[in-house]
Amino acid sequence: MIYNKYGEYYDLIYSTKNYDGECKGLINYFRKFAKGQIKSILDVGCGTGNHCIRFAEKGYDVVGIDLSEIMIKQAERKAKEKGLPVKFFVQDMRKFNLEKKFDAILCLFGTFGYCIKDDEILATLKRMRKHLKRNGLFIFDFWPVHACVRRESWRSIHEVEKNETYLLRIFDGSFNLETNVLTLQVRCKVIKNRKLIDSFQEEHKIRTFTPPEITHFLNEIDFKPLGFFKIDWQAEIPYTLQKIDLKTANIACIAKNKQ
């Protein structure tokens, strides 16, 4: 089960992630592409709720779903501590049913790529469309094939320390040209007071895409693609309105529900 132990330490691993800037960029997409005012948001693959909480603080009606029970429990705790009325559910994005429609659905930070097979992708898009209001926005990001093909090494080492807890994460990966699937081996060690308190590893498989491939899947489920844009995780506002190019390592896609 992915995001088991990794989910337990997720907020430590990504303690420097620019959630505020990301939300600003997403709101820019709302303003540019929404026909009406965005009031309700569903965050699919919400993790520990960091985007949900920020949107709720800005007055949006927010619901988050994730397959990881560990992460949902953390999200619920954080929202409760802040007194925010965010609802969280343990749900599979390929099968979820909330019996509610939203103005916008988000699926961020590579979550969409965990749909490996074509039927999983189509099932997920059907669930998204079912939960969107007419002309509602579906905003998601993905790893592009070209970025993976050009990458010579997947070894990545990340260190973070907070509240006297030190975590070391090592990524090793391989890319399959026949399936466009990236396999990441994730190994982590956690040290506190100079003692090893936890050690674990997980394998993550992530499908990568080309924009024409994404366009094809969206059209199959009656979505209309509105644009593909560059993501720059180091920028003040990571979700940009810049055109993609061969140097783009992550892509944001905005689509609308035609039904």
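General remarks:
- Val149 being part of a strand (DSSP E or B) and over 20 Å from the mean Cα position of the chain (by Cα): no
- Entry remark, segment 162-196: residues being part of a strand (DSSP E or B) and free of Cβ contacts under 8 Å to residues at least 24 places away in the same chain number 13 in total.
- Candidates Leu12, Leu84, filtered to the one that is touching a residue at least 60 places away in the same chain (Cβ under 8 Å) and either assigned to a helix (DSSP H, G or I) or at negative phi (or both): Leu12
- Within segment 248-257, the set of residues being under 14 Å from Phe33 (Cβ atoms) and open to solvent by 10 Å² or more (accessible area, probe 1.4 Å) comprises just one member, Lys256.
- In segment 51-85, the residues that are open to solvent by 10 Å² or more (accessible area, probe 1.4 Å) and under 18 Å from Tyr114 (Cβ atoms): His51, Asp66, Leu67, Glu69, Ile70
- Of all residues making up segment 197-236, the number that are of a type outside the set (Gly, Ala, Ser), assigned to a strand (DSSP E or B) and closer than 28 Å to Phe175 by Cα: 14
- Filter result for the condition that a residue is of a type outside the set (A, V, I, L, M) and closer than 17 Å to Phe109 by Cα, over Trp154, Trp233: Trp233
- Any hit, segment 65-85, residues being in contact with a Lys or Arg (Cβ under 6 Å, 6 or more places away or on another chain) and not hydroxyl-bearing (Ser, Thr, Tyr): no
- Whether a residue is under 29 Å from Arg134 (Cβ atoms), assigned to a helix (DSSP H, G or I) and either of a type in the set (S, T, N, Q) or at pLDDT below 95 (or both) was assessed, and Asn97 does not pass this test.
- Conditions (1) loosely packed, with under 15 Cβ neighbours inside 10 Å; (2) free of Cβ contacts under 8 Å to residues at least 60 places away in the same chain; (3) closer than 27 Å to Asn176 by Cα: number failed by Val90: (3)
- Counting the residues of segment 29-48 that are assigned to a helix (DSSP H, G or I), touching a residue at least 12 places away in the same chain (Cβ under 8 Å) and loosely packed, with under 15 Cβ neighbours inside 10 Å gives 1.
- Look at (1) assigned to a strand (DSSP E or B); (2) modelled with pLDDT under 95; (3) open to solvent by less than 70 Å² (accessible area, probe 1.4 Å) and you find that Arg134 fails only one, number (3).
- Checking Asp222, Asp245, Asp232 one by one, the residue that is open to solvent by 10 Å² or more (accessible area, probe 1.4 Å) and at positive phi is Asp222 and no other.
The values are calculated or read from the model by the stated rules, or taken from the named source; none is laboratory data. Since we're looking at a predicted model, the values are computed, not measured. Heads up, the Cβs are rebuilt from the backbone with ideal geometry, glycines too, and the neighbour counts pull from every protein chain shown. Please note that ligands, DNA and RNA were not included when accessible areas were found on the heavy atoms of the full protein model with its side chains. Shrake-Rupley method; radii C 1.70, N 1.55, O 1.52, S 1.80 Å.
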